[in-house]
Structure formats: C-alpha cells, structure tokens
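Peer 1: Attaching a single structure in structure tokens format; questions to follow.
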Amino acid sequence: MKHIQIKSAIVSALFILLAPGCNKILDEQPRSIYEPGFFKTEKGVLGGITSQYAHLRFIFGQPYYYNTLETGTDEYTWAQSADANFKDMDLTGVGNITAASSRSDALWGTAFSNINTASGIIENASAVGISAPLIAEARFFRAFDYFLLVQTFGGVPLDLGAGELKFNTAPSRKSVRNTVPEVYTKGIFPDLLTAVNDLPVTGRVTGGATKTLARLYLAKAYLTYAWWLQNPNNIPTYPASPRTDPDGHDAQWYFQKAYDIAVQGIDNPGPFGLENTFYDVHVGGNDRNKEMLLYADHTQESEFYNGSPLTGFQSELGGGRNSCVWMVTWNYTVIRSAANSNGTGAAISSVQREAAQGLGRPYTRMAPPIEVFTNTFAEKTLDSRYDGTFSTVYRGNWPKGGTTNTTLYNANDLPVVPGDAVLSFLEYDSQGAGITYSTGANFPGKSYSNVGAGVLPGRADFVIAPSGISRIVFPGLWKMGVYRTGSVGLGEPNAPSTRPFKIAKFSELYLVAAEAAVKGATTVAGKSARDLVNVLRARAGKWRFSNKNNAAFVADNSAAMIAATPATIDINYILAERSREYFGEGHRWFDLVRTQKWNELAGSYSICAATYGAHTPQTFTRTIQPFHYIRPIPQGQLDGMEMTPEEKAAYQNPNYQ
C-alpha cells in the first residue's frame, strides 16, 4: 500500500465565513489557495482530496484545542504551569469560558475551511473524471468536520454563502445557523452513507479513508444523535429546536442503527483488527498499526511533510505541529540525585530531558486528578492499560547529557546507576505504608529529590503514592510520548512530536456497539454489551512488556479480566472502559457531553497542591451548567460578520453573549 506524504499547509478554497479570528490563523501559515477554476481540473480535485488529510494536523495535536477536550473532565485538570487557556476550561472558579477565551476556535476555522474545499471536490470531481471512491473521501471528511462541529457548538451553518452544502467561491460575511437535526440529517448522515457505500475496503493509501472508518463514524453519529433526541437530563440546545427527527425516527431507532452499523464494521473489518496487546497499540514505531483507522500523520523523514520542524527549541503552535503531549508532561528534569554517598554534595540532574517515549518536553499545563489512579485505573495488576498509558517510573539517563558520574546517590542515600529507577509512582496507596515525604522540595541536609518525593525503607528510588499526586508532580502520558529512531544522546526533545496523532481506532466499534446495546438496541448472538466489552478487556489482560520494569513481561490475564466484568453493563461502566482504552486521546469531553454524564462523573475531583512537597489531597468542585454542554461561537467569527449587535447576540450560544 502506498504511504501518502501530505504537505503541511492547509489547502483552502476561497472562503471566508469567518474573518479576523480565523484570518489570523490562516495568515500565520503558508498555503496553497485554490481558485474556483482549479477544481475544474483533475489536478485541482486531487490536490483538494490530499488537503482533506492535511487539515487534520491543525485540529489533532494542537495543544490548546486538545486541552478543551480533556481539561475539565474526569481525566485532566489544570497543572502548576497552566495559564488561562487551561484554567478557563476547568470550571472550578479559576477561570471562565468565554467566546474570546475558548480554544475551540481552532476547530471552527479549520473545519469550515476544509468543509468548503470538500464541497468543491464533490461538485466538480465527476466532471473531470474522478472516481466515486475518491469523491467519497471528500464526503467522509465533510461529514467528519460537521460531526465535530455539531458536537462542539450545537447547530452550525450548512450554507457558507452559496447555498446549503454548496461550494462557496466568494468571501461571505453573512451566516445563518442550522439546527442540530438539520446538520445531522442533511449533512452528516447522507455523506457518511455515501462514504460507506463508495469507499474501498482497503484504503488507496496508508491511512486513507475506508468503509470501516466510515462505518465507525456513521455509528458514532447515529449514537450521538440518539442521545441528543432522548436528552435524558434536559440539556438545552441551540439554535432552539424540538428534540424531534425530521425523518420521523425516534431515539431508539437511531440507537439500533448505531449498533447495527458498528457490528457491520466488526464483522467486515477489511485489513483492520485489534492489536494483540494494548502495549502494541501505543508503542512508538508501531503507530500505523492495523487498529488505526484514521490519524493526523507526521514523519521524522522530512520537515516539509512532517508539518513542523524536526530539530531545535520550537514553540508549541504553528504549522500543524503535534505538541499536545507536552501539556501533560510534568517537569521531571527538576529531579536531583546527590554526588556523595551521604546524600550531600552536588545536586545532579539524574533524569534529563530526552526524546524518549516515557519522557519528552515538560510543560506542566494539565494534570490527572487522583481519581484517575484510584477509580478509573483501580486495577493495575491484571489490566495492562494502566502500564500502557502512563509513565510511572523515571529512570536515570544522566550520561546522555554529559554527566560523567558512574554512580549517584538517591533515596535513603542508596546508590543508583544509569537505567535505575530514580522516582516511581506507586500503583496503590497500600504500597506506600510507611512512606516519609519531605515537607518541601528536599529532605533536610540532603541535596537530592528536589521535587518533594517520599522514601520507603530499603528503596533507592523516591516514591509517590496515588493519594500524593499533585498539580506539579504526576505520571506522564506514555502512550502519546515522543518517539524517534536513530536518536543520539538525548535526541531532539524540544521539537514537536513526529508521531501520528491517533484519531480513530478499530476498537471503538466494540464500545459504540456496546453503548447502543445498553441503550436498548436489540443485539445479535455473541455481541451483547458484555460480550463486546469483554473483547477489549480480554485483550487488556495480555501483556508482552512492562513499562514499569522496562523489561519483557509475558502474561495472559484474559480469563480473570472477563470474570471481573459485571454481569450487567451500564453506561457508567461503558464510560469507564472508554477512559481506560482512550485516556488522554481527546475523546473524553465528547463522551461526557454525549451521555450527559459530565457533571455526574467530573463534577468534583481531588488533587494535591501545586507545590513540591504537597501530598495532602484537596477536593475541588466544578460548576458545570447546562449551557456548558456546547462551546461558545468564537469571538473572531462574530467580529467578522456583517450583523447588528443584536443579530450577533442571537447567533451566539446562550449565556456566552
């Protein structure tokens, strides 16, 4: 299969639905502009199709947009170095989401630009001899973008200036929002149904759109719309619309369709399937594995095709770079070990910044609450997903940075050599019985630790129990950590990640079908909600490597994992499984909003303070109002439209005016 290399710039049609806010984003980057006549050529249409994949980089991996999907959920809160971009999303009184501050603006501008390009392809492709499967790629991405938009903002415009779902060839500063049912039934469902019918079983290029991908998104769209119709907690919608379907179907009809389509995807996988272990899904070097249905591609082979620089000290934004994992990485480089055997002498940086999957560049903007480790990942011995998600052991690598000491001295004045554990996060609080924490960054008279970590008798590594996790010291997100081949020394830890950002996995078909089954869909033999969940839980019980021990570890706990699954599956259990499978991958806000469980599951959390040595959990309460279930229309969009102040206020989602 051919591997497509995609240029870093978004390729856009002449389209200005927005103005100042998005123009700033567009003007920051070089791009190819497609004149309307360009779509009258085969070259133009093919270039437009390629741009559909390129635009994914400007959404997925963008750190501030990533923050809007995770901060404020039960997966992440703000961390010690967070600014307003992150605190605003937490809803704990340290900030406020407004039209000007919401970083969902990154989605609005990129998605609408790409939607218009997709419409240009769809309208012109047949006339220049482009085949139906290629046109179906544009249909998939138009639906994909509209699905992201309608989940985020509520009803959005189908008419960008030239008519509903028409290619717009002139700047437009007028806009009318369609209702949620109109977006689904006029835009998303028809495009995805066509994509399922016309896309190939095997992508025309590596990472290309396929029937399986289209089935996943059709099933997800049916599922999300079914919840919207049902509206169990009376969450308001905007623009105001009855919770009725224009085609006359009820929520149960759509739950059934979600189940049926997801099962079709499972039963007709094409070249896709589950990896043997959870570790295999996420280990660097195996990113384009058989489980991956869609990703925002990057490469270390070429800066041009990577979409961002490969070397040097780079900023987190610009050019579609993948830098979101920096936000969830704490500053482990502050850890110190001692030069002398009594714990004194020079304080040496024993864990240095490295372009390695368990390390990477620290920003300390987002931290996981304690409940992630005590509730979501309560089982850490049988279930490999905890070990395959987090960086929990930080090992000495000081020789790579030029420090020549062969031995350093660490907790309890015990020696450590390169590769030894310097700091470990314990799996269970029970393992921390007898732990002694320093009251500040260091123990009195010692030059080591420097991060307020604790000691246990006989252990050379500093330790922190789950209840001692704070806004400044917390496990990193190993699954999305940086990875490169051929690195020398510490590599390039300050350049953006060259790994693809995972967007859609084959495994999600099982959880979409399971969720629909819990909501009452009639199931087929062998695919009840419990059956479907257990496929992934059985896989989670299989180990081939232990990140904690940095060594091969072969175990099969599948039977025990299945036995531990509740006899009756409910929505909260589905959501817990989704978090264990997709923690930190940008799914969580959508999951909690879809099921209207946001306040129930993320309304409060506990974490220790943002200072070294803080290990007393504090409880924080979020004020999640019904209007928060949709994000504000970006201020840049409003500023660019030719409307009266009253019309702009009516265009904006309620309570954000």
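Every number in this text was worked out from the coordinates using simple rules, so none of it is lab data. The structure presented is a predicted model; accordingly, all values stated were derived computationally and were not measured. Quick reminder, even Gly has a Cβ in these numbers, built from the backbone with ideal geometry, and neighbours come from all protein chains shown.
Peer 1: Between residue 556 and residue 288, how high is the FRET efficiency from 1/(1 + (r/R0)^6) when r is the Cβ-Cβ distance and R₀ = 30 Å? Nearest 0.05.
Peer 2: 0.70
Peer 1: Skipping prolines and chain starts, which residues have an amide H placed within reach, meaning under 5 Å, of the one on residue 293, given they are 5 or more residues away or on another chain?
Peer 2: Those lying under 5 Å, H to H, from residue 293 are 504, 505, 506.
Peer 1: Per residue of region 411-424, in order, report the coupling 6.51 cos²θ - 1.76 cosθ + 1.60 (Karplus, θ = phi - 60°) as ³J(HN,Hα) in whole Hz, putting x for Gly and Pro.
Peer 2: 3, 6, 6, 8, x, 9, 10, x, x, 6, 5, 9, 9, 10
Peer 1: Output ³J(HN,Hα) for region 355-370: one whole-Hz value per residue in order, computed from phi by the Karplus curve 6.51 cos²θ - 1.76 cosθ + 1.60 with θ = phi - 60°, and x for Gly and Pro.
Peer 2: With coefficients 6.51, -1.76 and 1.60, one gets 7, 10, 4, x, 10, x, 8, x, 10, 6, 9, 9, 10, x, x, 4 Hz.
Peer 1: So how many Å³ per residue does the convex hull of the Cα atoms of region 86-194 work out to? Intermediate values should be presented prior to the final figure.
Peer 2: Numbers: hull volume 12.2 nm³, N = 109.
Output value, Cα hull per residue: 112 Å³.
Peer 1: When DSSP assigns beta bridges and you keep just the ones with both residues in the chain, what percent turn out antiparallel, to the nearest 5? Don't skip to the end; give the middle numbers.
Peer 2: Values: 31 of 40 bridges.
Close to 80 percent.
Peer 1: OK, next. Residue-wise, which Karplus ³J(HN,Hα) couplings in Hz belong to region 547-557, taking 6.51 cos²θ - 1.76 cosθ + 1.60, θ = phi - 60°, and x for glycine or proline?
Peer 2: The phi angles translate into 5, 4, 9, 6, 7, 4, 8, 9, 8, 10, 9 Hz.
Peer 1: Dipole of region 321-386 (Lys/Arg Cβ +1, Asp/Glu Cβ -1, origin at the Cα centre): which of 334, 382, 367 lies farthest to the positive side?
Peer 2: 334
Peer 1: Can you list the aspartates and glutamates whose alpha carbon sits under 14 Å from that of residue 597, skipping same-chain ones fewer than 8 residues off?
Peer 2: List returned: 74, 75, 515, 570.
Peer 1: Still on this structure, please answer the following. Between residue 317 and residue 413, what FRET efficiency comes out of the Förster formula 1/(1 + (r/R0)^6) with R0 = 41 Å and r the beta carbon distance, rounded to 0.05?
Peer 2: 0.40
Peer 1: Please report the base-10 log of the normalised intensity I(q)/I(0) for region 566-609, using a Debye sum with one equal scatterer per alpha carbon and no solvent, at each q in 0.14, 0.16, 0.21 (1/Å).
Peer 2: -0.37, -0.47, -0.76
Peer 1: If you don't mind, there's one more thing I want to ask. How high is the relative contact order of the chain, given as a whole-number percent (alpha carbon pairs under 8 Å, six or more residues apart)? Show your work: numbers first, answer last.
Peer 2: On the way: 1469 pairs, mean separation 127.5, N = 657.
This gives 19 percent for the chain.
Peer 1: Can you give the net charge of the other residues whose Cβ lies under 10 Å from the Cβ of residue 189, counting K and R as +1 and D and E as -1?
Peer 2: 0
Peer 1: Over the Cα atoms of region 192-277, how large are the radius of gyration and the largest Cα-Cα distance (Dmax), in Å?
Peer 2: Rg and Dmax of region 192-277, Cα atoms, are 15.6, 47 Å.
Peer 1: How big is the Kirkwood radius of region 545-638, worked out from every pair of different alpha carbons and given in Å to one decimal?
Peer 2: Taking the inverse mean of 1/r over all distinct Cα pairs, region 545-638 comes out at 17.3 Å.
Peer 1: Something else now. Using 0.36 nm per residue of separation minus the Cα-Cα distance, give me the extension gain between residue 174 and residue 567 in nm, one decimal.
Peer 2: Working: separation 393, 0.36 × 393 = 141.48 nm, distance 5.39 nm.
Stretched fully, the residue 174-residue 567 segment lengthens by 136.1 nm.
Peer 1: A further question on this structure: Cut-off is 10 Å between beta-carbons; in what order do 184, 332 appear when sorted fewest neighbours first?
Peer 2: 332, 184
Peer 1: Then there is this: Taking 41 Å as R0, compute the FRET efficiency from the Cβ-Cβ separation of residue 609 and residue 406 and round it to 0.05.
Peer 2: The calculated FRET efficiency here is 0.65.
Peer 1: Roughly how many nanometres apart are two label points built 7 Å out from the Cα toward the Cβ at residue 600 and residue 441?
Peer 2: About 4.5 nm separates the two model spin labels.
Peer 1: Please list, ordered by chain and number, the residues whose modelled amide H lies under 5 Å from the amide H of residue 423; skip anything fewer than 5 residues away on the same chain.
Peer 2: HN-HN under 5 Å from residue 423: 394, 462.
Peer 1: Sticking with this structure for a sec: For the chain, what is the calculated [θ] at 222 nm in deg cm²/dmol (nearest 500), taking -39500 (n - 2.57) for each run of four or more DSSP H residues and dividing by its residue count? Each step should come with its number before you reach the end.
Peer 2: Working: 20 runs with 201 residues, N = 657.
-9000 deg cm²/dmol, from helical runs alone.
Peer 1: Related question: If you only keep lysine pairs separated by 8 or more in sequence, or across chains, how many in region 367-509 come under 25 Å at the Cα atoms?
Peer 2: 7
Peer 1: Let me ask something else. Calculate the translational D of region 337-389 in whole µm² s⁻¹ from Stokes-Einstein, where the hydrodynamic radius comes from the Kirkwood formula applied to all Cα pairs, the temperature is 37 °C and the viscosity 0.692 mPa s. Mind dumping the intermediate values first?
Peer 2: Numbers: Rh = 14.5 Å.
D, rounded to a whole number, is 227 µm²/s.
Peer 1: With charges set only on the Cβ (+1 for Lys and Arg, -1 for Asp and Glu), what does the dipole of the chain come to about its Cα centre, in debye to the nearest 20?
Peer 2: Computed charge dipole of the chain: roughly 720 debye.
Peer 1: Considering Cα pairs under 8 angstrom that are at least six residues apart, work out the relative contact order of region 389-472 and quote it in whole percent. Display every interim value, and only then the final one.
Peer 2: Details: 146 pairs, mean separation 26.0, N = 84.
About 31 percent, as a whole number.
Peer 1: Next question, about the same structure. When N counts the residues of region 371-475, how does its alpha-carbon radius of gyration compare numerically with 2.2 N^0.38 Å, as a ratio?
Peer 2: Values: Rg = 14.3 Å, N = 105, 2.2 N^0.38 = 12.9 Å.
Ratio of Cα Rg to 2.2 N^0.38 Å: 1.11.
Peer 1: Of all alpha-carbon pairs in region 274-348, indicate the percentage at a distance above 18 angstrom.
Peer 2: 63 percent
Peer 1: Follow-up question, since we're still on this one. Just the number, please: Stokes-Einstein D of region 237-291 in µm²/s, Kirkwood Rh from C-alpha pairs, 10 °C, 1.306 mPa s.
Peer 2: Rounded to a whole number, D works out at 108 µm²/s.
Peer 1: For region 349-433, report the % of Cα-Cα distances exceeding 20 Å.
Peer 2: 46 percent
Peer 1: Under the rule of at least 5 residues apart or a separate chain, name every residue whose amide H is placed under 5 Å from the amide H of residue 470.
Peer 2: Under 5 Å from the amide H of residue 470: 608.
Peer 1: So for the chain, considering every pair of alpha-carbon atoms, how many percent are separated by more than 46 Å?
Peer 2: Everything past 46 Å amounts to 16 percent.
Peer 1: Divide, for region 420-519, the radius of gyration over alpha carbons by 2.2 N^0.38 Å, where N is the residue count.
Peer 2: So the Cα radius of gyration is 1.55 times the expected 2.2 N^0.38 Å.
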